[in-house]
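Notes follow once the structure below has been shown.
What follows draws every value from the coordinates through simple rules; no lab data is involved. If you're wondering where the values come from, they're calculated on a predicted model, not measured in any experiment. Neighbour counts run over all protein chains shown; Cβ positions are idealised from the backbone, glycine included.
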Amino acid sequence: MEEKAEIGIIGGTGVYEFLKDSKEIKVYTPFGEPSDLIGIGIFKGRKIAFIPRHGKGHRIPPNKINSRANIWAFKELGVKRIVAPAAVGSLRENIKPGDIVIPNQFIDRTYRVSSFYEGGKVCHISTADPFCPQLIDVVSKTCKELNFPFHTPATYVCVEGPRFSTRAESKLYREWGADIIGMTLLPECVLAREAEICYVCIGTVTDYDVWAEKPVSTEEVIRTLKENINKTRKLLEELLPKIPLERNCKCKDALKDAFI
């Protein structure tokens, strides 16, 4: 493939475009079509690939996103690092709407295919530490520089969706130690590890989940979402040039002892 990129961005809710002067390309994968055409462009000297996770216009529900195609396409383009913004709900009083959360652990409550290897080879990928520590460090430092309220370490519980949780489920996840809740992290994060691509999630909090029993209007959620989109764009603009060229993490060697 002629087109190449070093950093991939998987845009979450509302972040359907990031690269203004990008070339859109179609990437064919053994797993079907990615969420949309992939934008390729240069941003502050870095070659970026961008894909809207839900497709343009938010037409794909979270449980129907073809994450295998999305990650495979990035791998084909030469992507070594993925920055993945995502809207999340808060499970903690101190994690407020508008805050940024950079998770370092997850709890999987989905029922989705989470591997590229379904036969012929058995791959037991390690997800003891599922997110790239180098990227977590860069995102954290950038948030600090921008004076954006952020939280890390944190645990993200990923639910199947598209429905929201019951109050009982929400309270249970808090007891399990989860800090934020969403529907899109998995299998995206695990597939990136199988592809030996560094991955970091930037969770932007839209509201408290139903555990809090705080009535939230649609108007409030939409307002917070719009503010989060602007904050995410600013964070990406400052973050991308700071990502080191050299990878000093273990993500690049994830398959070394994974096969039987």
**Request:** Give the Rg (one decimal place) followed by the Dmax (whole number) of the chain, computed from C-alpha coordinates and expressed in Å.
**Result:** 17.3, 52
**Request:** Place a +1 charge on the Cβ of each Lys and Arg in the chain and a -1 charge on the Cβ of each Asp and Glu, then give the dipole magnitude about the Cα centre in debye, rounded to the nearest 20.
**Result:** 300 debye
**Prompt:** Between 122, 101, 200, which gets the highest mean-square fluctuation from a Gaussian network model of the chain, Cα cutoff 10 Å?
**Reply:** 122
**Message:** Less than 10 Å Cβ to Cβ from residue 65, Lys/Arg counted +1 and Asp/Glu -1: what total charge do the surrounding residues give?
**Reply:** +3
**Request:** Taking every pair of Cα atoms in the range 127-193, average 1/r, invert it to obtain the Kirkwood radius, and report Rg/Rh to two decimals.
**Result:** 1.02
**Request:** Determine the gain in length on full extension of the stretch residue 172-residue 23; use 0.36 nm per residue of separation and subtract their C-alpha separation, reporting nm with one decimal.
**Result:** 49.1 nm
**Request:** Just list whichever of 144/231; 75/226; 47/75; 4/44; 64/252 have alpha carbons separated by over 20 Å in the model shown.
**Result:** 75/226; 64/252
